[in-house]
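Note sheet for the following structure.
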Amino acid sequence: IALTVALLAGLLPIASQAGALRIVKAETSLVEKVYRLSAEIQYELNEQMLDALHNGVAIAMAIDISIYRERNYWWDEHIASPKQIYQIRYRALTKQYMLKNLNTGFIDHFSRIDQVLEKISVIDKFPLVDSNLLARKGNYYTLIRTRLDVESLPVPLRLRAYANSNWNLKSSWYLCRM
């Protein structure tokens, strides 16, 4: 009974064919007057996504970040929303996976999909905001999540993705104090 209650309450992960995305941990740090984000993310792609990837469809994974300042009597003030997007392609001719950082244009190649997912699962000191842009008084926090960027899919697949929960992959928001 306790296991059933825990599963229904969402306290334990449920194994599924749908794939999973999860922020395992995240923290911010102030380095040379710039707030930076470090995080560990878990990526599991389902069979439909892997099939599409092996058939020439590029998959884009987005990391959404929102920075807020807490306010007592109003909605929290939105400060910034930096984003990191990675595009994954499979090159059948070379049997290689190509990983492209769409923010920087940097491209890397891997022989296995688990190597690609391992590479994008670690965010190390991603710059968020210059501390000089924040008010000295105030409490700030960051929300982070990762998701499949459905808008980057080809239109016929995009329509299918909106209607099919196997393609609607996204993690929960993870709160991180600054």
**OP:** Principal axes first, then extents: for the Cα atoms of the range 78-178, list largest minus smallest coordinate on each axis, whole Å, largest first.
**Re:** 56, 32, 20
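DSSP loop trypsin sites (Lys or Arg not before Pro) in the range 74-111 with at most 14 other Cβ atoms within 10 Å of their Cβ, which ones? Mind showing how you got there, number by number?
Values: sites: LYS83, ARG89, ARG91, LYS95, LYS100; in loops: LYS95.
Listed in order of number, the matching sites are LYS95.
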Subject >> the chain: relative contact order in percent, alpha carbon pairs under 8 Å with at least 6 residues between >> reply: 29 percent
Subject >> Projected label distance in nm at ASN55 and ASN132, using a 7 Å step from Cα toward the beta-carbon >> reply: 5.2 nm
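Return the FRET efficiency for the residue pair GLU151, LYS125: r is the Cβ-Cβ distance, R0 is 35 Å, and the value is rounded to the nearest 0.05.
Working: r = 28 Å, r/R0 = 0.79.
For GLU151 and LYS125, the calculated efficiency is 0.80.
So if R0 is 30 Å, what FRET efficiency would ASP114 and ARG158 give, r being the distance between their Cβ atoms, rounded to the nearest 0.05? Spell out each step's value before the answer.
Numbers: r = 26 Å, r/R0 = 0.87.
Using R0 = 30 Å, I get an efficiency of 0.70.
With the Cα gyration tensor of the chain giving a ≥ b ≥ c as the square roots of its eigenvalues, does the rule (a/c under 1.5 for rounded; else a/b larger than b/c for prolate; else oblate) give rounded, prolate or oblate? Mind dumping the intermediate values first?
Numbers: a/c = 2.05, a/b = 1.38, b/c = 1.48.
Verdict is oblate for the chain.
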**OP:** Show which lysines lie in cross-link reach of LYS125 when reach means a straight Cα distance below 25 angstrom and same-chain residues fewer than eight apart are skipped.
**Re:** LYS25, LYS33, LYS83, LYS100, LYS137, LYS170
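I need to check one value: relative contact order of the range 74-178, counting alpha carbon pairs closer than 8 Å and at least 6 residues apart, in percent. Walk me through the numbers on the way to the answer.
On the way: 100 pairs, mean separation 18.8, N = 105.
Taking the mean separation of contacting Cα pairs over the length of the range 74-178, I get 18 percent.
With +1 on the Cβ of every Lys and Arg and -1 on the Cβ of every Asp and Glu, and nothing else charged, how large is the dipole of the range 44-178 about its Cα centre, in debye rounded to the nearest 20? Display every interim value, and only then the final one.
Details: 18 positive and 14 negative charges, 38 e Å.
With Lys and Arg at +1 and Asp and Glu at -1, about 180 debye.
Rule-based calculations on the coordinates, nothing more; no lab input. On a predicted model such as this, the values are computed, not experimentally measured, just so you know. As a convention, Cβ positions derive from the backbone with ideal geometry for all residues, glycine included, and neighbour counts pool all protein chains shown.
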